[in-house]
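Below you'll find the structure, written out as structure tokens, and then a few comments.
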Amino acid sequence: MSDTFEAPSISACPACIATPSAVERAQAAAAARPARIMLSVPDAHCAACISTVEGDLEAMPGINSARLNLTLRRVSVDAEAGVTAAQVIAKLATLGYPAYELDPGQLSMTETDKQGRDLLMRLGVAGFSMMNIMLLSVAVWSGATDATRDLFHLISAVIALPTVAFSGQPFFRRAWAGVKAGRLDMDFPISLAIILATGMSLFETLNGGHHAYFDAAVMLTFFLLAGRYLDFRTRAVARSAAQELAALEVPRAIRLLDGVEDNVSVADLKPGDLVLVRPGGRIPVDGVVVEGQSELDRSLLTGETLPVFAGPDLMVTAGAVNLTGPLTVRVTAAGKDTSLHRMADLVAVAENARNKYTSLADKAARMYSPVVHIVSFSAFGVWMWLTGGDVRFALNISAATLIITCPCALGLAVPAVVTAASGRLFRAGLLIKDGSALERLAEVDTVVFDKTGTLTMGTPEPQNLGALSAEDLGVAAALAQASSHPLALSLAQAARALGAIPALLEDIAEVPGHGVQAIWQGQRVRLGRANWVGAEALSVTASYLAVGPRAPRAIEFSDRLRPGAAEAVAAFQAQGKRVMLISGDVPGAVSEMAARLGITDWQAEALPQDKSAAIEALQAQGHRVLMVGDGLNDTVALTAAHVSISPASALDAARVASDIVLLGASLAPLPEAQRVSVKAVQRIRENFAISFGYNIVAVPIALVGLASPLIAALAMSVSSITVALNALRLK
Amino acid sequence: MDILAVLIPVSLLLGMGGLLAFWWTLKRGQYDDPEGDGQRILRGDYDDKPKG
């Protein structure tokens, strides 16, 4: 993995270019070839999108062709050398489509495609055989006798045998793997039924018997393969989505050795090394600041929105973002010992606890497998005894029982509903990453939100610009333009939106960690932290403006609410769910946000462990918790919760930890998703009830020896179709 | 009943034809993007670079 990610570092490491390694030469050769860029475009949904995206991309220089796949919401770009994914993403952004680069693990993706085609081919062959055998069977059912019947059975056998051998392979393989591992799952009775039915029918055909179950055996294969294919497709879409969201960040650091900068992997760092962190970079290790002044954005780590001042002797933790000035950090812990890594360990522990969840399908399979075997074998035994040792007759009954009980409907019951539900949720902008997430979401009775980045957009906006005079606003705008600090960027943008004219400044200088200063009309003007400007610090996030000797003015900032947040909270409360807000931010900011959204239950200054502890305490009381969060500090809580959702803007680690990813910016679809999941679970239960009902009627018929191939075919197709139709009712 | 000797091979051949057609569509990737293809056919602008 790491080799493929090293390409961007070449320019940062002149020595590497002087002596290119074999890997880099190979990469250079690869870069000269026309490249295929794959991007995920979650917002593409209509015919107009196809024209816009393809037309505009193809108009870009260096791009040969672009093809949008609307089903997977993915665009594949055939570009000449030199066109990068970043350029294409920027172009798509101007068109109004946010795009994410796909993991370059192309290999695994084609692997998935191949599997899908393979299953579809087997399904097609089974369908073809089923129809042909059925034509012949209809003739037998309507009264063909003697030589004609035998001939029809023989032709059916010639079609069925290769079909079963080809199309049944997925079941045989899984059953064999299960037997080797010492467990009996769904695949074993399925394989047994298919093989026994085919074998018995072949024997009957060769001996001129009355009943042949070739149609049933092939039909069974067909319906079960259909279920498998649906199941596979749902998982393939989720998996490719998880791939595209996979971490692309390279864990690299700039090590200072005798004043020489050296680009190394974080894994190579040792305690005592000096590391340079440039503004905008993420701190790769735990350590102590040795040199430099700056501000750190720890919002992803702790949930605090307010950047903190960083100067010599300050302890810093991995994951914080350096904002204004370069920092030299002495490493105290790297790699496995960093606080980030300890968090990953906590996540792993929480994950183990969650894996104990058994899905409805597993529960059904666990009950089903033993029962079917017992029923079928006891039928065999009883009929052996009743007929005084007629193996052929007893085996016939046994095969008929296996075929009739076989879980055609059971195999379709869950995949059909999950496909319908995840399709609906995908259109609503939610991506289900985990198969059982839908069922777990349905059980939720408590919703816990994170604040920063989840209920809010994570971007501060100035609140009281109107209170500034036009002059002050102009000065503030001009000063803010000179900095890349997030508060300054936001201030500059807001001032521009208000139509402020930036004042003419001289000697503009950014003082890392403090703010920006300049000379305006002979006076010194400053924009920055309270103590630097000489102001009284407020309890809310604020930047302070000092113009000459006048008293400094505070510009207050507040985080913008994520669209749909208020609606989502209100809807969850209306559904009777307990809504909580747990944040790492200061109590003032959290209580204000809670009051704004009408949440009475809130907790502030929560450490990552506190968040997961709170959730575990709730779950110990029997509550089922849905956690919605986005930061590194949420990952443990996301994993500990019964089910978790994170927005697409969240950190990789959080998205990986959560079960469902929200593709759009709005939180509004969440309550709707919960409602759909409840409905879906209801449909799954109904489907189980339907297939169970068919068995109740059909099994006694088979046991007393009255089952004919016609009854088997009818029971099988009617139950499968009912189940599929029931799944489609999902609204 | 002699007609069966003709009709059965004919029906099997027709079925085979269907299976081959299915195999061909599968190879050509016609099931990769059912939703997109459904929308594409309704577009106003002419698709001068159809897939394939």
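Throughout, read-outs are computed from the coordinates displayed, never taken from laboratory work. Predicted model, so just to flag it, every value in this text is computed and none were measured. Neighbour counts are summed over all protein chains in view; Cβ atoms, including those assigned to glycine, are modelled from backbone coordinates with ideal geometry.
Multiplying the sequence separation of residue A:596 and residue A:36 by 0.36 nm and subtracting their Cα-Cα distance, what value in nm do you get?
Going from the current span to full extension adds 196.9 nm.
Please turn the phi angles of the range A:201-212 into ³J(HN,Hα) values with the Karplus equation 6.51 cos²θ - 1.76 cosθ + 1.60 (θ = phi - 60°), one per residue in order, whole Hz, x for glycine and proline.
5, 5, 4, 4, 4, 5, 9, x, x, 7, 10, 10
What FRET efficiency comes out for residue A:530 versus residue B:43 if R0 is 60 angstrom and r is the Cβ-Cβ distance? Round to the nearest 0.05. Display every interim value, and only then the final one.
Numbers: r = 58 Å, r/R0 = 0.97.
With R0 = 60 Å, the Cβ-Cβ based efficiency is 0.55.
How long is the gain from residue A:180 to residue A:308 if the chain were fully straight, where each residue apart is worth 0.36 nm and the alpha carbon distance is subtracted?
Gain on stretching residue A:180 to residue A:308: 40.3 nm.
Rank these for me by crowding, A:166, A:172, going from fewest to most other beta carbons within 10 Å.
Lowest to highest Cβ neighbour count: A:166, A:172.
I'd like to compare A:217-228, A:44-55: which one has the highest average count of other Cβ atoms within 10 Å, and what's the full order after that?
By packing density, highest mean first, the sequence is A:217-228, A:44-55.
What FRET efficiency would be calculated for the residue pair residue A:374, residue B:28, taking the C-beta separation as r and a Förster radius of 51 Å, to the nearest 0.05?
0.60
Please label the shape of the range A:252-337 as rounded, prolate or oblate, based on the square roots a ≥ b ≥ c of the eigenvalues of the alpha-carbon gyration tensor (a/c under 1.5 means rounded; beyond that, a/b larger than b/c means prolate, else oblate).
prolate
With runs of 4+ DSSP H residues as the only contributors, calculate the mean residue ellipticity of chain A at 222 nm using -39,500 (n - 2.57) per run, divided by the residue total and rounded to the nearest 500.
Working: 25 runs with 379 residues, N = 731.
Per the formula, -17000 deg cm²/dmol.
Just to be sure I understand the model, the point goes 7 Å from the Cα along the line to the Cβ. What's the resulting residue A:560 to residue A:620 distance in nm?
Modelled inter-label distance: 4.2 nm.
With charges only on Cβ, +1 for K and R and -1 for D and E, what is the dipole size of the range B:1-46 about its Cα centre, in debye, rounded to 20?
100
Which is farthest toward the positive dipole end of the range A:581-693 among A:682, A:633, A:647, measuring Cα position about the Cα centre, with Cβ charges +1 (Lys, Arg) and -1 (Asp, Glu)?
A:682
Label-point separation (nm) for residue A:493 and residue A:58, each offset 7 Å from Cα along Cα-to-Cβ?
The modelled label-to-label distance comes out at 3.4 nm.
If packing is taken as the mean number of other Cβ atoms within 10 Å per residue, what is the order of A:286-295, A:600-609, A:441-450, highest first?
A:441-450, A:286-295, A:600-609
Taking 0.36 nm per residue of separation and subtracting the Cα-Cα distance, what length does fully extending residue A:65 through residue A:86 add? Can you show the working numbers first?
Numbers: separation 21, 0.36 × 21 = 7.56 nm, distance 1.68 nm.
Value of the extension gain: 5.9 nm.
Return the average number of partner chain Cβ atoms within 10 angstrom of each residue Cβ along peptide A:64-71.
Other-chain Cβ atoms within 10 Å of each residue's Cβ, averaged: 4.
State whether the range A:141-237 is rounded, prolate or oblate according to the following rule on the C-alpha gyration tensor (a ≥ b ≥ c being the square roots of its eigenvalues): a/c under 1.5 gives rounded; otherwise a/b larger than b/c gives prolate, and the remaining case gives oblate.
prolate
Given R₀ = 30 Å, what would the calculated FRET efficiency be for residue B:21 paired with residue A:46, taking r from the Cβ atoms and rounding to 0.05? Numbers along the way, then the final one.
Working: r = 30 Å, r/R0 = 1.01.
The pair residue B:21/residue A:46 has a calculated efficiency of 0.50.
Work out the charge dipole of the range A:107-190 with +1 on the Cβ of Lys and Arg and -1 on the Cβ of Asp and Glu about the Cα centre, then indicate which of A:121, A:138, A:155 is farthest towards its positive end.
Comparing the listed Cα positions along the dipole, A:121 ranks first.
Take peptide A:47-58, look around each residue's Cβ out to 10 angstrom, count Cβ atoms belonging to other protein chains, and average those counts.
For peptide A:47-58, the averaged partner shielding equals 3.
Rounded to the nearest 5, what % of DSSP beta bridges with both residues in chain A are antiparallel?
Antiparallel: roughly 80 percent of the beta bridges in chain A.
Across peptide A:128-136, how many C-beta atoms of other chains are within 10 Å of each residue C-beta, on average?
Mean shielding by partner chains, rounded to a whole number: 3.
Quote the charge dipole size of the protein assembly as shown about the Cα centre in Debye, to the nearest 20; the model charges only the Cβ of Lys and Arg (+1) and of Asp and Glu (-1).
1820
How large is the dipole of the range A:33-95 about the Cα centre if only Lys and Arg carry +1 and Asp and Glu carry -1, each at its Cβ, rounded to the nearest 20 debye? Display every interim value, and only then the final one.
Details: 6 positive and 6 negative charges, 44 e Å.
The dipole magnitude comes to about 200 debye.
Quickly rank A:392-398, A:253-259 as a protection proxy: mean count of other C-beta atoms within 10 Å, highest first.
A:392-398, A:253-259
Label points 7 Å out from Cα along the Cβ direction at residue A:393 and residue A:154: separation in nm?
Computed distance between label sites residue A:393 and residue A:154 equals 2.8 nm.
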